[in-house]
1. What is the one condition in (1) under 15 Å from the mean Cα position of the chain (by Cα); (2) assigned to a strand (DSSP E or B) that THR14 does not satisfy?
2. With the requirement that a residue be open to solvent by less than 20 Å² (accessible area, probe 1.4 Å) and within 14 Å of the chain's Cα centre (by Cα), what does the stretch 101-131 give you?
3. Take LYS182 and tell me if it is over 20 Å from the mean Cα position of the chain (by Cα) and modelled with pLDDT under 95.
4. With the structure loaded, tell me whether ALA140 is open to solvent by less than 30 Å² (accessible area, probe 1.4 Å), among the small types (Gly, Ala, Ser), out of contact with any strand residue (DSSP E or B) (no Cβ under 6 Å at 6 or more places or on another chain) and modelled with pLDDT under 95 or whether it fails that test.
5. From GLU35, GLU90, which residue is in contact with a Ser or Thr (Cβ under 7 Å, 6 or more places away or on another chain), without any contact (Cβ under 8 Å) to a residue 60 or more places away in the chain and more than 21 Å from LEU173 (Cβ to Cβ)?
6. Considering TYR63, TYR17, which residue is among the hydroxyl-bearing types (Ser, Thr, Tyr) and open to solvent by less than 40 Å² (accessible area, probe 1.4 Å)?
7. Testing TYR157 on (1) under 14 Å from the mean Cα position of the chain (by Cα); (2) in a loop (DSSP other than H, G, I, E, B), one condition comes back false. Which one is that?
8. Within the stretch 162-178, identify whether any single residue is at pLDDT 90 or above, open to solvent by 40 Å² or more (accessible area, probe 1.4 Å) and β-branched (Val, Ile, Thr), and answer yes or no.
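The values are calculated or read from the model by the stated rules, or taken from the named source; none is laboratory data. Nothing here was measured: the structure is a model prediction, and the numbers come from that model. Cβ: placed from backbone, ideal geometry, glycine included. Neighbour counts: every protein chain shown. Heavy atoms of the whole protein, side chains included, go into the accessibility calculation; ligands, DNA and RNA do not. Shrake-Rupley method; radii C 1.70, N 1.55, O 1.52, S 1.80 Å.
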Amino acid sequence: AREEKQHTRLEKGTMDYTVWEFDNIRMGHGVMKFEDFVSRPASSRTDVVRLHFGLKGNYSFSYQQLDKTYHLIGGHHNIMYSKEFDMVVENRTLELETFGVQFPRELFIQFTQNGDDQLKRFSDEIMKGNSVMLSEEWGAVDTHIHQVIQQIIHCNYTDHLKKLFLLSKSIELLVLSAEACKQAADRKEVFIKNKTDKEK
């Protein structure tokens, strides 16, 4: 497993970023500090499925491939896929902390095509090459997810053990994220049903 730390100047701010790479999976943890509110483009040409965790801070992003804008408040996550990736991100607080896992498309499909209905549907869309978000309802970053991310950031293993540890944690985050997004979607459906009943 390869680990690399980077410190970058941003327009009106700085970013400290750590990247871990193993088995073609890539994980990244970023802390951004801004002097002001700014819009900045982000894009990528890698064909990967992305788990995205907003750990701290509020921001919005417009995702070109999905033709959608999301306004996010700290402590949220979702899983997204588009063959290419172009967005404009706007910070709404002066500090942001994010964590991400990128799975190669084929590996993600292998992990999830026999999952629950929501993951199966998501996997099918990915196989067709469609741009898709696992859930319209973003999951919450609960204690368990937070713990796993902290274990990755503070991992003391080396060499082969480190790679195994990071691989197991990346799969654990995938499971936790899928489960939390499913719960968020279920809660929303219950709420909608009641509202419709009320109108009746």
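1. All conditions are met except number (1).
2. VAL101, PHE103, PHE108
3. On the way: over 20 Å from the mean Cα position of the chain (by Cα): no; modelled with pLDDT under 95: yes.
Judged against the criteria, LYS182 is not a match.
4. Values: open to solvent by less than 30 Å² (accessible area, probe 1.4 Å): no; among the small types (Gly, Ala, Ser): yes; out of contact with any strand residue (DSSP E or B) (no Cβ under 6 Å at 6 or more places or on another chain): yes; modelled with pLDDT under 95: yes.
It is false that ALA140 is open to solvent by less than 30 Å² (accessible area, probe 1.4 Å), among the small types (Gly, Ala, Ser), out of contact with any strand residue (DSSP E or B) (no Cβ under 6 Å at 6 or more places or on another chain) and modelled with pLDDT under 95.
5. Values: GLU35 fails: in contact with a Ser or Thr (Cβ under 7 Å, 6 or more places away or on another chain).
Result: GLU90 is the single residue among GLU35, GLU90 that is in contact with a Ser or Thr (Cβ under 7 Å, 6 or more places away or on another chain), without any contact (Cβ under 8 Å) to a residue 60 or more places away in the chain and more than 21 Å from LEU173 (Cβ to Cβ).
6. Working: TYR17 fails: open to solvent by less than 40 Å² (accessible area, probe 1.4 Å).
Result of the check over TYR63, TYR17: TYR63.
7. (1)
8. Checked against the condition, which is being at pLDDT 90 or above, open to solvent by 40 Å² or more (accessible area, probe 1.4 Å) and β-branched (Val, Ile, Thr), the stretch 162-178 yields at least one hit.
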